[in-house]
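Read through the structure below, which is laid out as structure tokens, and then see the notes.
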Amino acid sequence: MKLLENKVALVTGASRGIGEAIAVKFAEHGASIAFTYLSSDEKAKALEDRLTALGVKAKGYKSDAGDYKAAEQLANDVSKDFGTIDICVNNAGISRDNLLMRLTEQQWDEVMQANLKSIYNLTKQVIRPMMKARSGSIINMSSIVGVKGNGGQSAYAASKAGIIGFTKSIAQEIGSRNIRCNAIAPGFIETDMTHYLQDGGAEKWFEKIPLGRFGKTDDVANAALFLASDMSTYVTGQVLNVCGGMAT
Ligand code: NAP
């Protein structure tokens, strides 16, 4: 059964990793896909072709998630190209890990801009078409690090914790319009972002994960599918931990 037929989904940061898996999963379930990336032109073109081959409309937009004007332009372009926006996945993000003693102001600002301001930038835009349709699902990519904290990741953790506060507030603000807003908090997922963990000493991490493995991008994509679809019509303001039990 396809869960997202006749829906238009906008997924940020989909040229690689978790965003790419979400775009593919949603397309397999019949959604038209608008997606963004920052610099991976070739990967974005390849994804556009892959999604189109699945029989859905798909288009990649080069758009910096941290730039307010770019988000405004993006939402206008997607609404024009696709007619509406039913689902928005604010997934784009970066990490700049460092102990606080060494964490520079620039690193702090880069993380906040890409991870937290980005969520404000695009959510503010997409609620317009959603209010008109009196329906919508917004999914924000937090992290288990935003729930628990992690030494050496204070900026990243603060940005991801901020996303949770934003998500719960927006859920309260727009629930009466039948627009839902939830967050996903992945644990360690095998992508470019966690390459340094996979390269050596992975067993050390497995001891902290009840399911004894790193997560796959598909594990997160399945959670996003649930939150995007009508399987979750009475779920809003929640944080869904997809972390192999790490937060337990
Ligand atoms: P990734 O493999 O590093 O991919 C990041 C994606 O975001 C790429 O498509 C990248 O585009 C895009 N991006 C980065 N900055 C952007 C910007 N300013 N504007 C637009 N696009 C931008 O990361 P990932 O591991 O899939 O992570 C995806 C999300 O999940 C992030 O928010 C991350 O914090 C969160 N998360 C990841 C993990 C994990 O273990 N991997 C755990 C918890 C949470 P380009 O290819 O063009 O650079």
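Quick notes
- Net charge over other residues, Cβ less than 10 angstrom from the Cβ of residue 130 (K, R count +1; D, E count -1): +4
- Cβ charges +1 (Lys, Arg) and -1 (Asp, Glu), total dipole of the chain, debye: 660
- Taking a ≥ b ≥ c as the square roots of the eigenvalues of the Cα gyration tensor, an a/c ratio of 1.5 or more together with a/b larger than b/c marks the stretch 57-117 as prolate.
- Pairwise label distance in nanometres, residue 110 with residue 173, each label 7 Å out on the Cα-Cβ vector: 2.9
- Environment charge of residue 248, counting only residues whose C-beta is closer than 12 Å and scoring Lys/Arg +1, Asp/Glu -1: +2
- Ellipticity at 222 nm from helices only: DSSP H runs of n ≥ 4 in the chain, each -39500 (n - 2.57), divided by the residue count, give -13500 deg cm²/dmol.
- Neighbourhood net charge (15 Å Cβ-Cβ; Lys/Arg +1, Asp/Glu -1) for residue 149: +2
- Here the simple spin-label model places points 7 Å from the Cα toward Cβ, and for residue 50 and residue 192 these points are separated by 1.3 nm.
- P(r), alpha carbons of the chain - 10 Å bins starting at zero, rounded %: 8, 33, 39, 18, 3, 0
- In this structure the amide hydrogen of residue 180, modeled in the peptide plane, comes within under 5 Å of the amide hydrogens of 136, 137, 138, none closer than 5 places in sequence on its chain.
We did not get these values from a lab; they are worked out from the coordinates using the rules stated. None of these values were measured; they are calculated from a predicted model. FYI the Cβ positions are ideal-geometry reconstructions off the backbone, even for glycines, and counts take in every protein chain you see.
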